[in-house]
Amino acid sequence: MNSRKSPVTRRSVLKALALTGAATAAGPAFWPRAEAAGSLVVGVIYVGPKDDYGYSQAQAQAAAAIRKIPGLTVVEQEKVAETTDVQKVMASMIEQDEATLLFPTSFGYFDPHVLKMAEKYPEIRFAHCGGLWQAGKHPKNVGSYFGYIDECQYLNGVVAAHATKTKKLGFIAAKPIPQVLRNINAFTLGAQSVKPDITTQVIFTGDWLLPVKEAEAANSLIDQGIDVMTMHVDSPKVIVETCERRRIHVCGYHADQSALAPKGYLTGAEWNWITPYTTHVKAAMSGTSMPNILRGGLKEGYVKTSPYGPGASAAARKRADGVKAKMMKGEYVIFKGPLKDNTGRTVIPAGTSHVQTDVVLEQMDYLVAGVIGKV
Amino acid sequence: MSSATATLGVPAADTPPSGESLRERFGGIVESIAIPLGALLVAMGLFGLFMFVIGKDPLQVYRLIYKGGFSSAFAWQNTLQRGAPLILTALCVALPAQAGLIIIGGEGALVLGALAAAVTGHALDGSATLVVQIGMALAGMVAGGLWIALAGGLRQYRGVNETISSLLLTYIAIAVFNQLVEGPLRDPASLNKPSTMPIGDANMIGSIPGLDVHWGLVYGIVFCVLSYGLVRFTTPGFAVRVVGGNVRAARLVGLPVGALVLGACFLGGAAAGLAGMVEVAAVHGTANASLIAGYGYAGILVAFIARHNALAIVPVAILLGGINASGGMLQRHLDLPDATVLVLQGIAFMTILASETLYGRWQGRGH
Amino acid sequence: MDSGLGWLGVPLAVVGGALRVSTPFLFVSLGECLTEKSGRINLGLEGVLVMGAMTGYAVSYYTGSPWLGVLGAGFAGLLLGVLHALICNLPRVNDIAVGIGLMLFGTGLAFFLGKPFVQPSAPLLHAIEFGAWSDSTQIRSALRVNPLFIGGILLALSMHWAFRNTRWGMVVRMVGDSADAARAMGYSVNRVRLMATACGSFFAGVGGAFLSLYYPGSWNEGLSSGQGLMAVALVIFARWRPIACFWAALLFGGAAALGPALQSVGVTGGYYLFNAAPYVLTLAIMIATCSPHRTLAGAPGELSVTK
């Protein structure tokens, strides 16, 4: 870097500080080569806007939390497409910002983009959200973190079952992929653990962010008599607000949406990414080996539930808290046999239990009995 | 009555190329370099003013744009890589424009080209690498070409406005693509990211030696040069421009208008389909929803800024790539939102388009 | 009433969807219709729509009045329209290209300035309950109509009337059909087009406010999935007739509701294809009704897309 230029740079930074009064974010991140030498630079990449009330926001909250760690600098970039764009963004963070730990947070970044960059930059740590890292097949400097949020969706289902009068629940999802199917199934099984004849109607919108279509899906479901809704889309804001306007109950997803539905919000399934972020940052700072697989549920602090809303009855809270206590002790199994899917096929034989860490669950390709919809 | 090509910005075919005086020709070259550069400077000034108003230091912003897009070998590779797909998708607008058609459906041709390439690549897996790659390229070009030719045919034989039909066809192409990728063509092993069967690592086309930029850049430049030659120096190219300039005149002199329109559309669609093939064969290895990244739409902008000149497309696409590359710097170091890049592009292109009015003022021709 | 409607829900959802989804299409297509009647095309209304959505939401949030938000959205649109018109008034500048640039600029500016408004909740527009007579919550919901929708119908009717019966309407049409004739009559072609583009963009901005202030009723960056662009297409589909713009918007809105409605009654396969229904339908109707042997009836003579 040209040393002749740095006084100008610093003066400009000061000017920016004076101009904005809110340049705290700009200050320390600036010219890491000159000012942040010897410390850890972390790059975080989002697929959507980082204030989407959903997936990216949950990640951004963790990024904001680790920002407070002394000696740590965070650089962020949002709305990065799952193309060569993300490869170039990762490379820029490494080459131009000297980042040594990256959080590419969208599932679609993993193969081929993260894998390719990890091979090219073996000294850099890549902590990816959701990918299934396999020993021997994938580079050692890649780590995968993910949370068993289906536990929270199961609890959503328990609370929803107490709130529904029609015994018809609704689920608006983007695409029929294993992560999503697991949530739909857990939600339904949770509800059926209270009232076995409950059904869940699913609508797949086809993409992760389609506000008008999501609102249309919510209205269609409500017209069909559904009175409790939940979802798995990137930004649940529109669905939660539509449910509140149509006066039905709703369970949130990704982040806390209770402020959007003060009357109808029951509870919600939230990520708590601070836990894996902190683990990765500590490993990077101390130089220990890359944690390749980080998984956890309520017990490990990877996910959490939203506080109960006014619609959650005392009985619902009691029942859900009971299940949650067992989950916190690691004693509760959601997916156990005998379990049939909605075509009548036995998917888990009697006597078999899949604990959360079982990778079979990460390959789920069915909807359980009681779900109306097709994979 | 204003002819279609005049409004499209395509130079009219009947301009006698040899009748220009040296002074006029020289003036034209100076203009075509000085005017866009001047417009770009004005745009940077306006953008700096905008940054100043919202409380950022414009000099800092310029420095970061330079650093992110153009300062080093790394930055240039970033810029070139981002510009590469836009060269091919811009041709999907520029080539039909020679025949007087405004096509905005490059995104649809790209995704269908990618799908055809991925399916072909998987089907041919095991053959010689070159055979697989050529097969993929042909499949992508034919699929994309036919899709845009459909829009051209609807226009030619049914009178359906091609701008609308190509837009509608894009939405339909994406729906078909998604339905097939998540349905019959899905690789059962692609769990959380539904994709077609992989074409196999051996069949990937990889990067240009010594550069971290994939071969799509070279394909794009070659396609542009060939297109320029075809349009400028061959009889069919001249005939297409006559069709674009005045359909009635073209019919009067007995030109096969339908074939020329379909041909221009097919070639344009083939370029976008090739862009799809490159995304599959150089980047993703399969066809999946990540391909739908808006390259087709960005290409429209590139083509109009380049005034549908195939050679001008290359620098314009690279400029757009550079702005995109530098956007990351602005986000990461000034905490500006990603939309900053859109604002900069918007200002830059509005200014460049407004500067079109200046052409011809210093050529001694008047107007 | 607790039970669902079953299959009866599908036509009801289509009607309800038509009433809910069509309004932005209606306003943008009426705005574009006015602009194109004056002989100029503004492809940038997508950007205007998004800018209107953001401005409407922001103004409503700050003032507490959603109707001020609608007005603000209109004026934001108007400013972008003036920008488009001023640039296009320069000789040899291509209106289609400027429109594409405006689409980018408007969207970018809206995203840039709209960051602080993604999280807060602004007061929304209230609906008129045309279904109050019914006991069925579904019918009440389907017939909950926003005043802007009524406003759109009135706007379509008055534009239809004004194009035929007012001096202003005739001047706009004359400028659009033959600039030379208008000049000969002593009208400034550029000034008329400036007015038409500005007013048209005002309408498109109002259409954006409907998205953020009524349905789906929040501001975020995915709010418009090309509604502004499609609405421009609908104008040609409607042959530059304001009343036909209304029917086209209604048809498009209803078709958009078909996919989710079918899934809600259990038709779950092929949802991508059902979701593409509005586009297929529009294309099919265009193929069926167009003819290569006559130019489009009603097309303004100066318009570059129709020749």
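The table for this structure:
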quantity	calculated
Sole residue being aromatic (Phe, Trp, Tyr) and within 14 Å of chain B (Cβ to nearest Cβ), chosen from C:Phe105, C:Phe75	C:Phe105
Residues that are in contact with a Phe, Trp or Tyr (Cβ under 7 Å, 6 or more places away or on another chain) and more than 9 Å from chain C (Cβ to nearest Cβ), drawn from segment B:308-347	B:Ala310, B:Leu311, B:Gly322, B:His333
Any helices (runs of 4 or more DSSP H) falling wholly within segment C:128-236 and containing at least 2 residues that are touching a Lys or Arg at 6+ places or on another chain (Cβ under 9 Å)	C:137-142, C:147-165, C:167-177, C:189-213
Sole residue being away from chain A (no Cβ under 14 Å), buried (at least 24 other Cβ atoms within 10 Å of the Cβ) and modelled with pLDDT under 95, chosen from C:Ala248, C:Ala196	C:Ala248
A:Ala269 among the aliphatic types (A, V, I, L, M) and in contact with a strand residue (DSSP E or B) (Cβ under 8 Å, 6 or more places away or on another chain)	yes
Sole exception among (1) farther than 21 Å from B:Phe52 by Cβ; (2) surrounded by fewer than 24 Cβ atoms within 10 Å (Cβ to Cβ); (3) within 19 Å of the chain's Cα centre (by Cα) for B:Thr357, by number	(3)
Residue in segment C:212-230 that is in contact (Cβ under 8 Å) with a residue 40 or more places away in the chain, out of contact with any Asp or Glu (no Cβ under 6 Å at 6 or more places or on another chain), away from every other protein chain (no Cβ under 14 Å) and of a type outside the set (A, V, I, L, M, F, W, C) present	no
Restricting segment A:330-361 to residues that are under 26 Å from the mean Cα position of the chain (by Cα) and within 13 Å of A:Ala186 (Cβ to Cβ), the residue that is surrounded by the fewest Cβ atoms within 10 Å (Cβ to Cβ)	A:Val333
Residues being more than 8 Å from chain C (Cβ to nearest Cβ) and of a type in the set (Val, Ile, Thr) - total across segment B:142-173	3
Residue tally, condition within 30 Å of B:Leu344 (Cβ to Cβ), part of a helix (DSSP H, G or I) and of a type in the set (Val, Ile, Thr), over segment B:259-311	5
Conditions (1) more than 19 Å from B:Ile104 (Cβ to Cβ); (2) within 12 Å of another protein chain (Cβ to nearest Cβ): number failed by B:Ile305	(1)
Residues located in segment B:72-93, provided they are touching a Lys or Arg at 6+ places or on another chain (Cβ under 9 Å) and of a type in the set (Gly, Ala, Ser)	B:Ala75
Number of the condition not met by C:Arg40 [criteria: (1) crowded, with 23+ Cβ neighbours inside 10 Å; (2) assigned to a helix (DSSP H, G or I)]	(2)
Near pairs, Cβ below 9 angstrom, 6+ apart or cross-chain, from segment A:215-234 (without any contact (Cβ under 8 Å) to a residue 12 or more places away in the chain) to any residue that is polar (S, T, N, Q)	A:Glu216/A:Thr205; A:Asp223/C:Thr137; A:Asp223/C:Gln138; A:Asp223/C:Ser141; A:Asp223/C:Ser264
Neighbours by Cβ (under 6 Å, 6+ apart or cross-chain): first from segment A:83-106, under 17 Å from A:Glu123 (Cβ atoms); second small (Gly, Ala, Ser) and part of a loop (DSSP other than H, G, I, E, B)	A:Met93/A:Ala99
Any hit, segment B:170-193, residues being under 23 Å from B:Ala264 (Cβ atoms), in contact (Cβ under 8 Å) with a residue 24 or more places away in the chain, of a type outside the set (Val, Ile, Thr) and crowded, with 24+ Cβ neighbours inside 10 Å	yes
Unmet requirement for A:Ser286, which otherwise passes all of (1) open to solvent by 10 Å² or more (accessible area, probe 1.4 Å); (2) at pLDDT 95 or above	(2)
Answer residue from segment A:157-179, given it is within 14 Å of chain C (Cβ to nearest Cβ) and among the hydrophobic types (A, V, I, L, M, F, W, C) and is nearest to B:Glu182 (Cα to Cα) among those	A:Ala174
Tally, over segment A:261-282, of residues that are open to solvent by 20 Å² or more (accessible area, probe 1.4 Å) and either of a type outside the set (D, E, K, R) or in the same structural domain as A:Lys68 (by TED's automatic domain parsing) (or both)	6
Selected residue [at pLDDT below 95 and under 25 Å from the mean Cα position of the chain (by Cα)] from B:Ile148, B:Ile172, B:Ile104, B:Ile134	B:Ile104
Segment B:226-250 residues that are farther than 9 Å from B:Gln98 by Cα and assigned to a helix (DSSP H, G or I), paired with ones that are open to solvent by 20 Å² or more (accessible area, probe 1.4 Å) and of a type outside the set (Ser, Thr, Tyr) (beta carbon under 6 Å, 6 or more apart)	B:Tyr228/B:Leu311; B:Ala239/B:Leu255; B:Ala239/B:Leu260; B:Ala250/B:Val242
Hey, C:Leu19 under 24 Å from C:Val93 (Cβ atoms) and either buried (at least 22 other Cβ atoms within 10 Å of the Cβ) or in contact (Cβ under 8 Å) with a residue 24 or more places away in the chain (or both) or not	no
Check on B:Tyr219, in a helix (DSSP H, G or I), buried (at least 18 other Cβ atoms within 10 Å of the Cβ) and away from chain C (no Cβ under 14 Å)	yes
Of all residues in segment A:88-101 being touching a helix residue (DSSP H, G or I) at 6+ places or on another chain (Cβ under 6 Å) and more than 8 Å from chain B (Cβ to nearest Cβ), the one that is nearest to B:Glu279 (Cα to Cα)	A:Met90
Residue match in segment C:161-168 (condition: in contact (Cβ under 8 Å) with a residue 12 or more places away in the chain, farther than 30 Å from C:Ser121 by Cβ, in contact with an Asp or Glu (Cβ under 9 Å, 6 or more places away or on another chain) and among the hydrophobic types (A, V, I, L, M, F, W, C))	no
Options C:Thr197, C:Thr166; residue that is over 20 Å from A:Thr242 (Cα atoms) and in contact with a His (Cβ under 6 Å, 6 or more places away or on another chain)	C:Thr197
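Rundown of residues vs (1) modelled with pLDDT of 95 or more; (2) more than 8 Å from chain C (Cβ to nearest Cβ); (3) surrounded by fewer than 24 Cβ atoms within 10 Å (Cβ to Cβ), yes/no style:
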{"site": "A:Leu210", "(1), (2), (3)": "no, no, yes"}
{"site": "A:Glu214", "(1), (2), (3)": "no, no, no"}
{"site": "A:Ala217", "(1), (2), (3)": "no, no, no"}
{"site": "A:Val228", "(1), (2), (3)": "yes, yes, no"}
{"site": "A:Val238", "(1), (2), (3)": "no, no, no"}
{"site": "A:Thr242", "(1), (2), (3)": "no, no, no"}
{"site": "A:Arg246", "(1), (2), (3)": "no, no, yes"}
{"site": "A:His249", "(1), (2), (3)": "yes, yes, no"}
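The values are calculated or read from the model by the stated rules, or taken from the named source; none is laboratory data. Since this is a predicted model, take the numbers as computed values, not measurements. Virtual Cβ from ideal backbone geometry, glycine too; neighbours counted across all protein chains shown. SASA here: full protein model, heavy atoms, side chains in, ligands and nucleic acids out. Shrake-Rupley method; radii C 1.70, N 1.55, O 1.52, S 1.80 Å.
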